[in-house]
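**Student:** The structure is given below, and queries will be raised subsequently.
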Amino acid sequence: MTTTAKPILKLQGVSKSFGALKVTDDVTFEVSAGEALGIIGPNGAGKSTLFNLITGNLLPDTGSIAFMGNDVTRVAPMQRCISGVGRSFQIPQPFDKLTVFENLLVAATHGRACSEREAQQQCGEILERTELIGSANALAGSLSLLQRKRLELARAMATGPKLLLLDEIAGGLTEGECIALVETIRSIHREGVTIIWIEHVLHALNRVVERLLVLDFGKMIGLGEPEAIMASKNVKEIYLGIEV
């Protein structure tokens, strides 16, 4: 849903280098509360690094990051999580020997400021929303890939995010599995959760996001409505040889 709300996230001139390699180069953009923004770009474009900067796992060399109007540029990752920044990872790594419900409970009790009783209730609701309620007592290590992707989404949701960062969550799924997961993500977005989603599966992105941001070698080369972005010459050149 498109909104004119104040930005929930604002990056201004954010850059990050590892030695001589500049992986994020003067990135500036805003995300409005309730918006869904997709991020695309070839491998090595700096997409996951950008997420690490937003979550605080990396600190920028220059620039600033504001979340909900507060400067969080130097704020620790745990504090950002508690304040409402949730994230899934490209490769799900749940606690395999804990149940699905226990995995969510760990995320809820450590990722948000609430009592254990409140966390248990919220985890039950999240299991319903992510279609994992039937696997609540299954060990995480026994899950299929789609279920593990759903668990990764559910663990991020268990922290109570106002901003949800999804890192290639549709990767590796079959067409049918991808469609099913996208419907879950769409329902979460419709509830008002702001989403930033890195993805190579473009048809999945286009079912959810209102804008696309394109990165190449750490630089922003496009930001706008998906149809206009994918029609641009620069983006076509970057994706030359990739089916879009």
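**Student:** Jot down the per residue volume, in cubic angstrom and as a whole number, of the convex hull over the alpha-carbon atoms of the chain.
**Tutor:** Here the figure is 124 Å³ per residue.
**Student:** Also, I was wondering about something else. What whole number of Å gives the distance from the Cα centroid of the range 205-223 to the Cα centroid of the range 53-131?
**Tutor:** About 24 Å separates the Cα centre of the range 53-131 from the one of the range 205-223.
**Student:** What number, in percent, do you get for the relative contact order of the chain if the mean sequence gap of Cα pairs under 8 Å and at least 6 apart is divided by its residue count?
**Tutor:** Relative contact order comes out at 26 percent.
**Student:** Translational D (Stokes-Einstein, µm²/s) of the range 110-244 at 20 °C and 1.002 mPa s when Rh comes from the Kirkwood sum over C-alpha pairs?
**Tutor:** For the chosen part, D equals 130 µm²/s.
**Student:** Past the 31 Å Cα-Cα mark, which pairs from 97/219; 10/97; 22/97; 22/236; 16/97; 162/233?
**Tutor:** Among 97/219; 10/97; 22/97; 22/236; 16/97; 162/233, the Cα-Cα distance tops 31 Å for 97/219; 10/97; 22/97; 16/97; 162/233.
**Student:** Output the peptides 109-118, 77-86 sorted from most to least packed, where packing is the average of other Cβ atoms within 10 Å over each peptide's residues.
**Tutor:** 77-86, 109-118
**Student:** Also, I was wondering about something else. Report the full-extension gain for the segment residue 133 to residue 20: residue separation times 0.36 nm, less the Cα-Cα distance, to one decimal in nm.
**Tutor:** Taking residue 133 through residue 20 to full extension adds about 35.9 nm, to one decimal.
No lab work stands behind these numbers, since they all come straight from the coordinates. Here the structure is a predicted model, which is why all the values come from computation and not from measurement. Cβ sites come from the backbone with ideal geometry, for glycine too, and all protein chains shown count toward neighbours.
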